[in-house]
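Trainee: My structure is below; once you've seen it, I'll send some questions.
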Amino acid sequence: MSRKKIDARQFVPEITAYAMAALMQFLPEFGVTPQRVCEGLNFTPEDLQRGMEMSHRQAWRLIRRALRLTGRPDLGLESGRRQNLSHFGLIGFAMMMEPDLHHAFKIAMRYYRQGGSLVEWDFRLEGAYGICSLTSSIRDASVQPFLIEEMASSALTLLRILLGPKFSFHAVDIAYDAPAHAERYREVFACPVRFGCAENRLLIEHHWFDVHLASYSPIIAAQLKELLEQRERSSNPALGTVAAIEHLLNHSGNAAMTIGEAAIALDLNRRTLTRRLADAGTSFRVLSDRVCAKVARNLLSEQGLTVTAAAEQLGFSDARSFRRAFKRWFGEAPGTVKRLD
């Protein structure tokens, strides 16, 4: 039986984790520290607050951990409704500067994929309603409700920021069966909520799209759209497995990781990992050397470690092996590197 093919993109750090950073802020309200939720996941709450990009795999692990530790099946609803404009990033501010909701939705649909997304959006006008369809990019049934809940409730939060506190959806359709906390959906959305539907949908009455936004500013709107366009032009396609390996090795303490350890961390077979790196025109040795060289120079010049201590921290068998590698990387012996004042 052939091994199930693993999508390397799930390991690529391409999601600007606004929602996950927001979740870190709210976790203490549920009796859980952000540090405990992030423990062992190769990033810290501070990384998320600084705008770290994360992979789908990392987001999946973080959400599962948060759901388990808080014991709150409605965590997605609670996280979404606590958000403010800053949690929506540049796109949220750009939407505020548009003349009405119709134009604001054009901005959202045009640019929301820039940082990667855990939920795919589709928008259409159908009869008397504008319909937003939501599809989770993570297929794990234990995580999907969190993603749909968080996206739908945060969308409600944003729309009330734009249109005022009287805004509400006409109805919310949910593709999965009603959970035990189904009544909480109706409390949060304050509209009919229907479970077991064909798709996840947010229905918005047509008249809301013509409401003038009080925050409209054509000058700021043009400036923000130009910023979004610049980010669009400068974004590079995901580097797949190479990007995932570089992200993993660059994390503090991982520079000495072996290819076998990296394969385990990415849930890949070692031979599969080797083949994919070869297909990308590189190897684990090349990527590892690149990161080790950077870390080695930092250990010697910035942190003032001895050659022996640096060699040990980077996983070399002895100082002699480290000296040979350092000379290969930089063309000079490590002893010539002085601590910077």
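The values are calculated or read from the model by the stated rules, or taken from the named source; none is laboratory data. Just so it is clear, the structure is predicted and the values come from calculations on it, not from any experiment. Reconstructed Cβ throughout: ideal geometry from the backbone, glycine too, with neighbour counts over all protein chains shown. To get the accessible areas, we keep the full protein, side chains included, count just its heavy atoms, and leave off ligands, DNA and RNA. Shrake-Rupley method; radii C 1.70, N 1.55, O 1.52, S 1.80 Å.
Trainee: Would you check if V188 is part of a helix (DSSP H, G or I), buried (at least 17 other Cβ atoms within 10 Å of the Cβ) and over 21 Å from the mean Cα position of the chain (by Cα)? Break it down into steps so the answer makes sense when it comes.
Mentor: Numbers: part of a helix (DSSP H, G or I): yes; buried (at least 17 other Cβ atoms within 10 Å of the Cβ): yes; over 21 Å from the mean Cα position of the chain (by Cα): yes.
Spelling it out, V188 is indeed part of a helix (DSSP H, G or I), buried (at least 17 other Cβ atoms within 10 Å of the Cβ) and over 21 Å from the mean Cα position of the chain (by Cα).
Trainee: Looking at region 133-147, is at least one residue open to solvent by 10 Å² or more (accessible area, probe 1.4 Å) and touching a Phe, Trp or Tyr at 6+ places or on another chain (Cβ under 6 Å)?
Mentor: For region 133-147, residues open to solvent by 10 Å² or more (accessible area, probe 1.4 Å) and touching a Phe, Trp or Tyr at 6+ places or on another chain (Cβ under 6 Å): present.
Trainee: Further, regarding this structure: Going through region 314-328 one residue at a time, which ones are crowded, with 16+ Cβ neighbours inside 10 Å and under 38 Å from the mean Cα position of the chain (by Cα)?
Mentor: L314, F316, F322, A325, F326
Trainee: What number goes with the only condition from (1) more than 21 Å from E53 (Cβ to Cβ); (2) surrounded by fewer than 18 Cβ atoms within 10 Å (Cβ to Cβ) that S86 does not pass?
Mentor: Against the list (1) more than 21 Å from E53 (Cβ to Cβ); (2) surrounded by fewer than 18 Cβ atoms within 10 Å (Cβ to Cβ), S86 comes up short only on (1).
Trainee: Give the residue that is surrounded by the most Cβ atoms within 10 Å (Cβ to Cβ), with candidates limited to residues of region 15-71 that are over 14 Å from the mean Cα position of the chain (by Cα) and among the hydrophobic types (A, V, I, L, M, F, W, C).
Mentor: Restricting to residues being over 14 Å from the mean Cα position of the chain (by Cα) and among the hydrophobic types (A, V, I, L, M, F, W, C), the top hit is A66.
Trainee: Additional query: Out of (1) polar (S, T, N, Q); (2) more than 20 Å from the chain's Cα centre (by Cα); (3) buried (at least 22 other Cβ atoms within 10 Å of the Cβ), the odd one out for S79 is which?
Mentor: (2)
Trainee: Can you confirm whether region 44-57 contains a residue that is in contact with a strand residue (DSSP E or B) (Cβ under 9 Å, 6 or more places away or on another chain) and at pLDDT 95 or above? If you could, list the steps in order and put the result at the bottom.
Mentor: From region 44-57, those in contact with a strand residue (DSSP E or B) (Cβ under 9 Å, 6 or more places away or on another chain) are 47-48, 51-56; that's our starting set.
Filter again for at pLDDT 95 or above, leaving none.
For region 44-57, residues in contact with a strand residue (DSSP E or B) (Cβ under 9 Å, 6 or more places away or on another chain) and at pLDDT 95 or above: absent.
Trainee: Inside region 101-132, can you point out the residues that are under 16 Å from K225 (Cβ atoms) and surrounded by 17 or more Cβ atoms within 10 Å (Cβ to Cβ)?
Mentor: Correct list: A104, F105, I107, A108, Y111.
Trainee: A further question follows. Among the residues of region 153-202, which ones are farther than 27 Å from M96 by Cα and in contact (Cβ under 8 Å) with a residue 60 or more places away in the chain?
Mentor: Within region 153-202, P179, A180, H181, R184, E199 meet the criteria.
Trainee: Of the residues that sit in region 244-263 and are open to solvent by less than 20 Å² (accessible area, probe 1.4 Å) and touching a Cys at 6+ places or on another chain (Cβ under 9 Å), which one is modelled with the highest pLDDT?
Mentor: Per the criteria, the residue is L249.
Trainee: Of the conditions (1) over 20 Å from Q25 (Cα atoms); (2) open to solvent by 40 Å² or more (accessible area, probe 1.4 Å); (3) in contact (Cβ under 8 Å) with a residue 40 or more places away in the chain; (4) over 17 Å from the mean Cα position of the chain (by Cα), E98 fails just one. Which one is it?
Mentor: Against the list (1) over 20 Å from Q25 (Cα atoms); (2) open to solvent by 40 Å² or more (accessible area, probe 1.4 Å); (3) in contact (Cβ under 8 Å) with a residue 40 or more places away in the chain; (4) over 17 Å from the mean Cα position of the chain (by Cα), E98 comes up short only on (2).
Trainee: Additional query: So which residues in region 272-307 are more than 23 Å from G335 (Cβ to Cβ), open to solvent by 50 Å² or more (accessible area, probe 1.4 Å), assigned to a helix (DSSP H, G or I) and modelled with pLDDT under 85?
Mentor: Passing the criteria: R275, A278, D279.
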